[in-house]
Amino acid sequence: MFEKLKKVFSDLVQDISTRELSEKDLEASLWNFQVALMECDVALLVAEELTSRLKAKMVGTKVKRLGDITPLVQSAFEDLLKENLASGDLLTIIKAKGKKPFSIMFIGVNGTGKTTTIAKVARYLMDHGLTLVFAAADTFRAGSEEQIEVHANRLNVKVIKHKYGADPAAVAYDAISYAKNNNIDLVLIDTAGRMQTDKGLMDQLQKIYRVASPDLSIFVGDSLTGNDALQQAEEFNKCVPIDAVILTKIDADSKGGAAISISASIKKPILFLGVGQEYKDIIPFDPEWVINNVLGKAPKK
């Protein structure tokens with residue numbers, strides 16, 4: 001994964017690895033580097049910041065061998081991630097809130113793998129000893145209730161649902177009430193996938209948020225859509241407050257820019273990355289993991 005972003009860094013290293021580095025010498029190389037970052041779906045502001053930091057570190061530095069430049073690139077990249085990318089631990093967030101039931105609303109556009117992601121998160125939470133119930137609050141899309149019920153049956157989880165066309169806010173409310181009455185730790189609320197330009201469905205999402213008052217609102221974005229995922233997150237965040245992000249399909253993402261850009265731009269933590277189709281194929285987000293994959297570093301032991 002991230003093959004294109006790896007090549008961007010490799011090309012920069014090769015281009016400037018044997019020269020005395022003056023500001024003039026760096027201009028063309030760093031401009032090409034910035035353009036290449038944007039072609040890998042790194043947001044413009046993030047690409048500009050990374051390029052600027054590389055320039056500040058490299059001006060006046062003499063590089064004699066290819067390997068000498070790598071720590072400079074790596075250091076600037078790591079600094080950018082540490083300052084702009086936030087990771088979050090879902091278990092810590094739940095524990096800190098100290099509320100039972102703790103409700104989580106999942107939002108996003110069609111086709112991101114949102115419902116499957118909910119099932120993955122459910123499995124992760126259950127593996128840590130928590131009980132939960134699903135709220136089938138996607139009453140809009142045909143087959144949505146059946147889809148979440150398949151996951152629920154596999155995981156042995158209760159689903160609260162109404163008939164198609166019912167008020168999704170009422171479904172979420174009833175699921176939270178059920179959890180309260182049955183001493184259940186968590187409510188995971190599935191909502192209809194919707195484009196950020198669909199005013200009717202976005203208004204509906206606001207109603208679900210008002211009625212359910214979720215403790216956490218998670219945007220599920222498809223990393224393969226690159227900057228589209230960033231734009232979607234920004235628009236959803238205008239409609240209902242996004243508290244955190246999960247990025248799906250990272251295993252198939254050759255560019256890698258979405259993983260760098262989205263949290264840095266909307267200033268929200270990334271909780272998980274989806275890396276496959278199985279329930280186990282979800283990993284807590286770690287900026288160092290991204291660094292290792294982009295720069296080809298061996299993970300620390």
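Bear in mind that the values in this text are calculations on the coordinates, not laboratory data. Owing to the predicted nature of the structure, the values given are computational and were not obtained by experimental measurement. Cβ atoms come from the backbone with ideal geometry, glycine included; neighbour counts cover every protein chain shown.
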Can you work out ³J(HN,Hα) from phi for every residue in region 227-237, in order, using Karplus 6.51 cos²θ - 1.76 cosθ + 1.60 and θ = phi - 60°, giving whole Hz and x for Gly and Pro?
5, 4, 4, 5, 5, 4, 4, 5, 6, 4, 5
Apply 1/(1 + (r/R0)^6) to the Cβ-Cβ distance of ASP174 and ALA56, taking R0 = 41 Å, and write down the FRET efficiency to the nearest 0.05.
0.15
Counting DSSP beta bridges in the chain, what percent are antiparallel, to the nearest 5?
15
Helical contribution to [θ] at 222 nm, DSSP H n ≥ 4, -39,500 (n - 2.57), averaged over the chain, rounded to 500
-17000 deg cm²/dmol
Which of the residue pairs LYS158/LYS207; LYS207/LYS238; LYS100/LYS207 have a Cα-Cα distance greater than 18 Å in the structure shown?
LYS158/LYS207; LYS100/LYS207
Karplus couplings for region 47-57 from phi (6.51 cos²θ - 1.76 cosθ + 1.60, θ = phi - 60°), rounded to Hz, Gly and Pro as x?
4, 5, 5, 4, 4, 4, 5, 4, 4, 4, 6
What does the charge count near PHE285 come to, summing +1 for each Lys or Arg and -1 for each Asp or Glu among other residues with Cβ under 13 Å from its Cβ?
-2
Running a GNM on the chain with Cα contacts under 10 Å, which residue among ALA259, ALA152, ALA135 ends up with the highest mean-square fluctuation?
ALA152
Taking the Cβ of GLU83 as the center, what net charge do the other residues with Cβ under 11 Å away carry, scoring Lys and Arg +1 and Asp and Glu -1?
-1
Sort the chain into rounded, prolate or oblate with this rule: let a ≥ b ≥ c be the square roots of the eigenvalues of the Cα gyration tensor; rounded if a/c is under 1.5, and if a/c is not under 1.5, prolate when a/b is larger than b/c, oblate otherwise.
prolate
Running a GNM on the chain with Cα contacts under 10 Å, which residue among LEU81, LEU44, LEU91 ends up with the highest mean-square fluctuation?
LEU91
Residue exposure sequence - HIS151, HIS162 - by fewest surrounding Cβ within 10 Å
HIS162, HIS151
Listed by chain and number, the residues whose amide H is under 5 Å from that of LEU132, excluding neighbours fewer than 5 places away on the same chain and using placed H, are ASP185, LEU186
Compute the FRET efficiency between LYS158 and LYS99 as 1/(1 + (r/R0)^6), taking r as their Cβ-Cβ distance and R0 = 22 Å, and round to the nearest 0.05.
0.70
Explain nothing, just compute: Karplus ³J(HN,Hα) = 6.51 cos²θ - 1.76 cosθ + 1.60, θ = phi - 60°, for every residue of region 117-125 in order, whole Hz, x for Gly and Pro.
5, 4, 5, 5, 5, 4, 4, 4, 5
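How big is the dipole moment of the chain about its Cα centre under a simple scheme where the beta carbon of each Lys and Arg is +1, that of each Asp and Glu is -1, and everything else is neutral? Debye, nearest 20, please.
So the dipole magnitude of the chain works out to roughly 660 debye.
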Apply 1/(1 + (r/R0)^6) to the Cβ-Cβ distance of LEU91 and VAL150, taking R0 = 22 Å, and write down the FRET efficiency to the nearest 0.05.
0.25
Please give, to one decimal in nm, the separation of the simple spin-label points placed at ASP11 and LYS82, each 7 Å out from Cα toward the Cβ.
2.9
Residues whose built amide H sits under 5 Å from the amide H of ILE242, excluding neighbours closer than 5 in sequence, are none
Considering only LEU12, LEU186, LEU273, give the residue with the highest GNM mean-square fluctuation for the chain, with springs between Cα atoms whenever their separation is below 10 Å.
LEU12
